[in-house]
Every structure is written in structure tokens, then in C-alpha cells.
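Let me begin by presenting the structure, written as C-alpha cells, before commenting on it.
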Amino acid sequence: MTGAQIARSALAQRTVLPRASGAGRLWDLLFRIAMYGAIGIGMLALGTLLFDVARDGLPKLSWSFITSFPSRIRPEAAGIESALVGTILLMAITAVIVVPLGVTTALYLEEYADRTKWWNRLVEVNIQNLAAVPSVVYGILGLAFIVRGPLGLGNVLLAGGITLALLVLPVVIIVAREAIRAVPPSIREGSLALGATQWQTIWKQVLPGSLAGIVTGIILALSRAIGETAPLLVIGAAASPRFNPDGLFSDFSALPIQIFVWTQDPNREFVSLAAAAILVLMVVLLLMNSVAIWLRNRYEQKW
Amino acid sequence: MVTTKKMPMPPAPAPATPPEAEAKAVETIFDCRDVSVSYGDKLAIRDVGLSFGRNEITALIGPSGCGKSTFIRCLNRMNDLIPGARVSGTVEYHGLDLYRADVDPVQLRKRIGMVFQKPNPFPKSIFDNIAFGPRVAGMDGDIEEIVESALRRAALWDEVKDRMKTNAFGMSGGQQQRLCIARALATRPDVLLMDEPCSALDPISTARIEDLMAELKQEYSIIIVTHNMQQAARVSDKTAFFSVELDAADGHRIGHVVEYDDTQKIFSNPGDERTEAYVTGKFG
């Protein structure tokens with residue numbers, strides 16, 4: 001077809017096809033307004049929150065705030081060092097526990113489990129349900145089985161890390177499974193058809209192909225764990241300790257705990273300190289999420 | 001080649017048949033008798049009896065759902081990977097029953113290469129794609145040499161020799177498929193199974209692959225599933241026509257072989273009227 005013919009047929013089509021009906025357009029418009037409205041409400045709530053916290057907390061932020069120990073007597077000298085160190089160590093312990101457990105479970109469920117068997121389906125359903133269990137329940141579990149009970153670790157850093165690891169384990173399994181499932185079956189077939197064993201196929205094709213998704217998921221799961229207060233309160237994290245944890249079996253605190261303790265204080269000054277600690281927590285969260293986004297954009301495999 | 005597991009393997013393929021020997025009877029590579037496959041309790045193909053000769057191209061044709069792909073996947077035991085799939089009957093490869101308990105499917109897949117419908121390069125460099133098979137097999141020797149030789153055999157070397165480190169996803173569809181062929185050749189198989197290798201390609205890429213098949217035939221035996229009857233007529237020495245019948249009880253499709261003969265005969269003077277109806281385009 002020449003250009004002129006194409007133009008002519010396009011013209012013909014415009015008269016041949018009926019125009020959009022008035023009612024259709026109206027619905028289209030209404031739906032648009034509803035969507036922008038929904039987004040607007042979310043943004044407004046977030047903006048208000050940020051503004052409120054920043055107004056309260058920003059004046060309190062300083063390097064000495066980060067490098068001083070908490071206090072419940074002298075707000076002007078109080079800081080968050082032990083809580084921040086506690087949070088970082090907690091995240092490290094959680095990651096060390098949750099990464100191997102979560103990834104291997106996901107690999108088993110995706111690559112080995114025979115879904116026609118009832119026990120595999122039982123595991124799957126349970127993981128879905130566990131992901132929806134309120135975090136305070138994990139705190140009670142941690143208290144009963146890790147702090148006391150069979151493990152009897154006491155309310156120490158390691159107990160906190162294990163509890164948080166259990167809390168995010170289902171989430172890590174679910175995101176890792178999704179990342180593994182995103183590797184197309186044709187890649188596995190291609191590898192197996194070349195005489196690779198199933199393990200070689202997983203190790204050299206499936207895991208590299210899903211690594212970005214798995215790591216992103218782990219970081220996002222950790223950023224859920226970092227804000228958790230309830231389970232740590234239940235297992236008995238220390239309030240405003242004036243020391244850093246010095247090992248796995250040391251007492252510990254964490255940022256959310258410190259925030260919680262300060263917000264309970266009748267002194268307005270301490271509530272402002274809580275706002276400042278919230279800002280620090282948010283910065284840590286933002287950093288983690290930016291790393292996750294960067295990893296995804298940089299390494300995600302497009303199939 | 002280092003075999004990681006002890007298993008009975010047929011002798012390495014002898015060099016290509018010299019021209020003067022061509023008049024002799026063709027050596028059989030695969031001999032299949034009464035091969036039936038079922039998924040769960042549903043029979044997918046029944047009683048397939050076919051044998052494939054060395055240095056021949058055999059085409060499997062027939063309407064959709066007639067079990068051509070199911071059948072070709074019996075030949076390198078890819079059906080093992082499908083939960084609930086069951087193969088009965090005998091598949092002999094150089095006289096060895098592939099479904100014997102002591103046959104390791106991993107080892108046999110190194111000898112029986114496969115090319116799939118959609119090009120499926122790995123998300124790695126061109127070099128690493130080809131080197132994958134030899135590496136997982138723990139092959140001795142110069143990997144670079146193996147890669148180059150595989151790419152030359154697949155007529156891809158000249159196009160890619162300057163960009164071996166670039167990602168294979170950047171190649172055109174036709175190049176990707178030839179890369180997959182080269183990748184299969186790198187493990188030194190003697191048979192290539194091709195499951196509709198050109199159905200995702202444009203006519204020019206298709207023609208290149210057909211030319212390539214004609215060359216590969218000198219050294220390899222090729223079994224190709226195709227929906228394209230002109231392709232079967234152009235490239236193959238022998239053709240098997242598959243058809244479907246409906247199960248009497250629940251109406252699911254069961255594939256079987258209607259006719260197997262020289263390609264020339266299948267397309268010019270078929271012995272079965274169903275074959276004739278299919279190859280002349282009256283159905284399917």
C-alpha cells in the first residue's frame with residue numbers, strides 16, 4: 001500500500017467505526033477521578049505523617065543523638081546508639097538465619113516437591129497462612145520456645161534474631177518461590193537436555209536467573225522485620241539500655257523498642273526524641289529499599 | 001569425555017559413513033517398538049513402532065495434538081520430567097534399551113541432543129551458552145576449541161566470533177536457534193532431536209536452518225517434528241505421519257502412527273488415504 005492509500009483507508013475507518021458512547025466516556029471519567037482520589041488520600045496521609053514527624057524530630061537530630069546512649073532522665077543527652085546497634089545486629093542475625101532456610105525451602109517447593117502429594121500441599125498452605133499470622137504471635141512463640149522452654153536462651157540478642165527470622169521466613173519463602181518460578185521452564189529443559197543434572201540446572205541456571213528477585217525479596221522482608229515492635233516487646237527487649245550488645249547472648253534493644261519507650265514517656269521532650277528516632281528508622285528503611293530497587297533494576301533477568 | 005557415573009553406553013559414533021558405503025543398508029540408531037505414553041490415566045500415544053537410521057533426517061508430521069512431541073521426548077527421556085508421565089514399550093538406542101533401570105537419563109542426554117520449538121538460549125554470553133554442556137559434563141580438552149567447533153558446525157561462527165562475550169539474548173531469533181543447535185552439538189551427540197525448530201522463525205531463518213540440517217546430516221542423525229509439510233518434504237529422507245483418534249470412553253486424543261515411509265513416497269504416493277488427505281491439505 002502506498003502512503004496515500006493508507007491515509008485513505010484510515011479515513012474510511014474513522015467514518016465506519018462508531019464513536020465511543022457518552023455513557024462509556026462518563027464511566028471512564030468517573031473511574032479516573034476515583035483512582036486519582038484513592039492515590040491522593042494515600043499520599044496525603046503519608047505526607048501528613050512525614051511532616052508531623054519531621055517537625056517534631058528534625059530539631060533533635062544530630063550526630064550526638066546517634067552516638068549517645070538512651071536516657072529516660074535527661075532528654076538533652078539522650079541518643080539511640082544501643083538501639084541502632086541492636087537493630088543492625090538483629091537484622092544481620094535474621095538474615096543469616098532466614099536466607100539459607102528460606103531459599104532452600106523455596107527451591108524444594110518449586111523444583112522438587114511433587115504437588116500431587118498431600119504433605120507438600122500441606123506445607124504450602126501452612127506457609128501461606130504463617131505469612132498472615134500477626135507478629136505478636138511470633139513474639140509469644142519466641143517467648144515460649146526460644147527465650148524460655150526448649151531453647152531457654154533468655155531474652156538475648158540471638159533470641160530476638162531467631163524470632164524475627166521466624167516472623168519473616170514465610171515472606172522470604174513466598175518471594176523466593178516467585179523469583180524461582182519466573183525462570184521459564186524452557187531454561188530448565190534446555191539445561192537438562194544438554195545432560196546437566198537437576199542440581200547443576202538449579203545451581204547454574206535457576207539460581208543465577210532468580211538471584212536478583214530473591215535478594216530483593218529478602219531485603220524487603222528484612223525491612224518488614226526492622227520495624228517490628230510487638231514480638232520484641234513480648235520476648236523482653238531491654239528498654240533504654242546504656243550499653244551496646246556485646247555478643248549473641250547479650251541483652252539488647254532495637255529502634256522500634258526505643259521509639260515505643262519514649263512515646264510512652266509523659267515528658268514531651270522524650271516524645272520529640274521518639275520522632276527523631278523514627279526519622280532514623282525511616283532513613284535506614286529507605287536505604288534498604290533503595291538497595292532493593294537498585295538491585296532489581298540492575299540485575300533483574302528479563303525473559 | 002568424563003562420565004561421572006558408570007552406565008552402559010553404546011560405542012562412540014563411528015566417523016560419518018563414507019559415500020561408497022551409502023548403498024548399503026542404513027545402520028539403525030533408534031528402534032522403537034510398541035511405544036505408548038500416558039499422562040496419569042490418559043493415554044497420549046499408543047503402539048508407536050518406528051526406527052531411525054544413521055545420517056538420515058526423519059520428519060514426524062501430523063495434526064496438532066497427535067503426540068509427535070510426546071513421542072520425540074521419549075527418545076531422550078525428557079518425558080521423565082513430567083509428573084505422571086509413563087512410557088511403555090521399548091526404545092532402543094544403538095541396541096540399548098533406554099528405559100532399562102540402570103540407564104542414567106543424564107548421561108544419555110549428552111549423546112542425544114535436543115532443539116526446542118522456541119529458541120531457549122541461557123541468559124549468558126554466547127560463549128557460556130555453548131560451553132555449558134561440556135562444562136557440566138566435565139569434558140576434557142580445550143573448551144574454547146570445543147565452542148569454536150560447535151559454532152562452526154552450526155554455521156554461526158563467522159557471525160558471532162567477534163562478540164563471544166555478549167549476551168545471547170541480543171541475537172536475532174534465527175541466530176538464537178542456531179546457537180541452540182550449536183549448544184546441543186557441543187556435547188558431541190550423534191543424534192539431534194528437533195521439536196518444531198522453525199515454527200517461531202521467519203522464512204529466511206528457516207531456510208538457513210534447513211540448509212544447516214542438510215549439512216549436519218553428514219555427521220548426525222536428525223529427527224524433526226514439524227507442522228510444515230513443505231519443510232518435511234524439503235529436508236527429510238523419511239517421514240512418519242501421525243494421526244489422532246478419540247478415546248472411546250472420554251474422547252481425549254490418542255496419537256498413533258498411520259504411515260512411515262520414504263519421504264518421496266509419503267508425499268507422492270502415500271499408501272494410506274488418511275496420509276494422502278493430510279499431505280494434500282484436505283485436513284489438518
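Throughout, read-outs are computed from the coordinates displayed, never taken from laboratory work. All values reported here derive from a predicted model rather than from experimental measurement. Virtual Cβ from ideal backbone geometry, glycine too; neighbours counted across all protein chains shown.
Residue order for A:Ser82, B:Ser88, B:Ser36, A:Ser21, fewest other beta carbons within 10 angstrom first, comes to A:Ser21, B:Ser88, B:Ser36, A:Ser82.
Cβ crowding within 10 Å ranks A:Glu81, B:Glu245 as B:Glu245, A:Glu81, fewest other Cβ atoms first.
Remark on B:Met114: its backbone amide H falls under 5 Å from those of B:Leu193, a criterion applied only to residues 5 or more positions apart or on other chains, H modelled at 1.01 Å from N. Each of the peptides B:261-268, B:111-118 was scored by the mean count of other Cβ atoms within 10 Å over its residues; in descending order, highest first, they stand as B:111-118, B:261-268. Output the pairs from A:Lys204/A:Lys302; B:Lys110/B:Lys238; A:Lys117/B:Lys118; B:Lys68/B:Lys265; B:Lys165/B:Lys217 with a Cα-Cα distance over 22 Å in this structure; if there are none, say none. From the list (A:Lys204/A:Lys302; B:Lys110/B:Lys238; A:Lys117/B:Lys118; B:Lys68/B:Lys265; B:Lys165/B:Lys217), the Cα-Cα distance tops 22 Å for B:Lys110/B:Lys238; A:Lys117/B:Lys118; B:Lys165/B:Lys217.
Diffusion coefficient (Stokes-Einstein, Kirkwood radius over C-alpha pairs, 25 °C, 0.890 mPa s) for chain B: 125 µm²/s, rounded to a whole number. Please report the base-10 log of the normalised intensity I(q)/I(0) for segment B:60-206, using a Debye sum with one equal scatterer per alpha carbon and no solvent, at each q in 0.09, 0.10, 0.11, 0.21 (1/Å). Listed by q, the Debye log ratios stand at -0.31, -0.38, -0.46, -1.32.
With the helix formula -39500 (n - 2.57) applied to DSSP H stretches of n ≥ 4, chain B reaches a computed 222 nm mean residue ellipticity of -8000 deg cm²/dmol.
Which of rounded, prolate or oblate describes segment A:64-299 when judged by the alpha-carbon gyration tensor and an a/c cut-off of 1.5? Prolate is the answer for segment A:64-299, as a/c is 1.5 or above and a/b outweighs b/c.
The residues B:Val37, A:Val284, when put in order of fewest to most other Cβ atoms within 10 Å, stand as A:Val284, B:Val37. Mind putting a number on the dipole of segment A:73-209 about its Cα centre? Charges go on the C-beta only, +1 for Lys and Arg and -1 for Asp and Glu, and I need it in Debye to the nearest 20. Computed charge dipole of segment A:73-209: roughly 220 debye. Membrane-span-like helices in chain A (whole DSSP H runs, Cα extent of at least 27 Å along the helix axis, mean Kyte-Doolittle hydropathy of at least -1.0): A:22-57, A:81-107, A:157-181, A:268-299. Mean residue ellipticity at 222 nm, helices only, chain A: -22500 deg cm²/dmol; runs of at least 4 DSSP H residues each add -39,500 (n - 2.57), and the sum is divided by the number of residues. Using the Cα gyration tensor of segment A:32-170, with a ≥ b ≥ c the square roots of its eigenvalues, what is the shape: rounded (a/c below 1.5), prolate (a/b larger than b/c) or oblate (neither)? In terms of gyration-tensor shape, oblate. For segment A:64-299, the relative contact order is 28 percent, taking Cα pairs closer than 8 Å that sit 6 or more residues apart in sequence and dividing their mean separation by the residue count. By the gyration tensor of its Cα atoms, with a ≥ b ≥ c the square roots of the eigenvalues, what is the shape of segment B:134-206: rounded for a/c under 1.5, prolate for a/b over b/c, or oblate? Taking the square roots of the gyration eigenvalues as a ≥ b ≥ c, segment B:134-206 is oblate. Note that the protein assembly as shown shows a convex hull volume over its alpha carbon atoms of 271 Å³ per residue.
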